[in-house]
1. Working carefully through the options K350, K388, K360, find the one that is farther than 22 Å from K9 by Cα and not assigned by TED's automatic domain parsing to the domain that holds E51.
2. Can you pull out the strands (runs of 3 or more DSSP E) entirely within region 327-412 that have at least 1 residues that are without any contact (Cβ under 8 Å) to a residue 12 or more places away in the chain and either over 21 Å from A246 (Cβ atoms) or in contact with a His (Cβ under 9 Å, 6 or more places away or on another chain) (or both)?
3. Just to be sure I understand, how many residues within region 283-303 are touching a Lys or Arg at 6+ places or on another chain (Cβ under 8 Å) and surrounded by 16 or more Cβ atoms within 10 Å (Cβ to Cβ)?
4. One residue is enough: does region 291-300 have a residue meeting the conditions closer than 24 Å to F405 by Cβ, assigned by TED's automatic domain parsing to the domain that holds Y391 and touching a helix residue (DSSP H, G or I) at 6+ places or on another chain (Cβ under 9 Å)?
5. Any residue at all in region 268-287 that's part of a strand (DSSP E or B), among the aliphatic types (A, V, I, L, M), modelled with pLDDT of 95 or more and under 30 Å from F31 (Cβ atoms)?
6. Could you tell me how many of the residues in region 127-178 are part of a strand (DSSP E or B) and either of a type in the set (A, V, I, L, M, F, W, C) or outside the structural domain of M204 (by TED's automatic domain parsing) (or both)?
7. Using the structure shown, decide if I336 is more than 16 Å from the chain's Cα centre (by Cα) and surrounded by 18 or more Cβ atoms within 10 Å (Cβ to Cβ).
Amino acid sequence: MKIYSIVIKKKIKSFKKSLYVDGDKSISHRFFLLASQAFGISKANGILESEDVLHTINALKKLGVKIVKKNNKYFVYGNGLGSFHVKKNLKVNCGNSATLVRLLIGLLAPYPNKFKLFGDYSLNKRPMTRIINPLKKFGMEFFPKNQTTLPLTVQGAEITIPIEYDEKIGSAQVKSSIILASLNTPGITKIREFKKSRDHTENMLKHAGLNLKIKKNKKYNLISIKGLTDFRAFNLSVPGDISSAAFIIAITLLNKKSKIKIKNVSLNNTRIGFIKILKKMNAKIKIINQKKISGEKTGDIIVASSKLKNINCPKYLVPSTIDEFPVLLVLAAGSIGIATFSGLTELNKKESPRLNLMNKILNQIGIKTVLKKDTIKIYGNPNLSLNKSHYINTMFDHRIAMSAFCIGQIFGGEITISDCHSISTSFPNFLKIMKKIGAKYETKKKN
């Protein structure tokens with residue numbers, strides 16, 4: 001991997017463009033993981049070819065799954081549930097992908113072998129207790145005992161046991177890990193989902209014909225999965241990632257006389273909190289050509305320059321916006337009034353302590369903030385214009401790097417952004433797309 005930083009010396013000029021963004025990362029991960037458990041050959045186009053997703057492909061190949069790319073489409077040759085070919089003491093590198101490691105462990109539940117899972121510096125620091133606890137109930141074991149971060153050795157059960165679990169974090173990764181473990185478990189596993197999180201796993205399994213039941217109650221959603229139920233191979237068309245589109249939307253909103261049309265973007269209801277918050281902030285955003293493809297809502301997003309007004313953000317919109325919060329905080333910095341965002345505990349449990357880091361970056365560029373635990377107040381300055389040099393340390397976090405890029409394009413100054421190679425984990429075409437809308441920047445390789 002080439003390690004490089006980015007230097008921005010000039011603000012972006014006005015633009016009017018129409019474009020596509022890279023495929024949705026969450027859906028791309030899940031396609032390969034679920035297709036590996038289906039019967040027959042599953043096919044997908046629009047797959048995100050980021051480092052994270054490539055780690056998922058490589059992990060499954062190590063487990064004996066045949067995956068082929070032909071004419072920009074991916075084919076997964078599935079042999080049904082419990083069909084991994086496992087070797088003794090298999091080691092799997094999960095790179096930077098928490099989605100991969102947490103979901104893959106769920107699929108390993110019925111294999112009484114030992115698997116060593118590890119990641120990069122960032123992933124090895126992220127909490128795994130949230131999946132260790134429910135998966136132990138299935139009969140899995142984790143070594144060393146009492147260790148809660150990677151590297152971990154995991155061991156499946158001789159016979160997995162169906163469980164009932166209360167998911168109160170609002171984590172799609174936890175929910176999906178339990179669902180994947182339940183696929184290879186006899187009986188009915190039940191998940192009470194108290195905080196709604198992204199539902200791509202449920203949508204994809206339904207699309208593949210699995211009879212997964214979801215009953216909505218006042219306090220929670222009850223998800224029931226009947227284990228050892230085979231499902232067929234499926235075809236999938238992956239839409240653009242709203243998390244990637246967010247950076248282009250941000251630059252458009254705070255840039256003068258600009259307009260963008262981003263085509264075929266995922267508009268899953270559990271993912272569009274960012275759009276809902278921006279509309280409350282007076283953003284000029286319109287969604288057209290809405291349709292449902294492969295079980296997922298999609299559409300085109302049209303955005304125009306806007307005078308944004310800060311709000312007291314409703315807490316219920318936080319779970320469906322969690323990946324977009326770094327760039328949302330940048331938008332709040334360039335808006336009128338005081339923004340308040342609460343319930344952001346999960347933000348500090350990502351690739352970096354994102355809430356703390358973004359607070360530091362905003363202070364660095366002259367934005368007043370008040371940070372208390374999981375709540376941040378941002379005193380917006382729509383007239384902010386930087387005329388000094390700033391060095392931004394991204395802590396190897398791809399979303400921090402791209403948010404910092406937006407700061408340089410919107411507010412000017414001379415911005416140097418460290419470790420931007422991390423961007424390739426989620427949005428490999430980021431810089432190419434930024435060039436298309438007229439962004440100017442330099443890349444500097446690290447010696």
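1. K350
2. 369-372
3. So the count comes out to 9.
4. There is no residue in region 291-300 that is closer than 24 Å to F405 by Cβ, assigned by TED's automatic domain parsing to the domain that holds Y391 and touching a helix residue (DSSP H, G or I) at 6+ places or on another chain (Cβ under 9 Å).
5. yes
6. Going residue by residue through region 127-178, those that are part of a strand (DSSP E or B) are 141-143, 152-155, 164-167.
Of the ones still in play, those that are also either of a type in the set (A, V, I, L, M, F, W, C) or outside the structural domain of M204 (by TED's automatic domain parsing) (or both) are 142-143, 152, 154.
Going through region 127-178 one residue at a time, the tally reaches 4.
7. In short, no.
Table: residues versus (1) within 26 Å of L48 (Cβ to Cβ); (2) in contact with a Lys or Arg (Cβ under 9 Å, 6 or more places away or on another chain); (3) among the polar types (S, T, N, Q).
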site	(1), (2), (3)
F341	no, yes, no
N363	no, no, yes
P382	no, yes, no
T394	yes, no, yes
I407	yes, no, no
T416	no, yes, yes
K444	no, no, no
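The values are calculated or read from the model by the stated rules, or taken from the named source; none is laboratory data. Please read these numbers as outputs of a predicted model, since none were measured by experiment. Every residue, glycine as well, gets a Cβ built from its backbone with ideal geometry; the counts of neighbours run over all protein chains shown.
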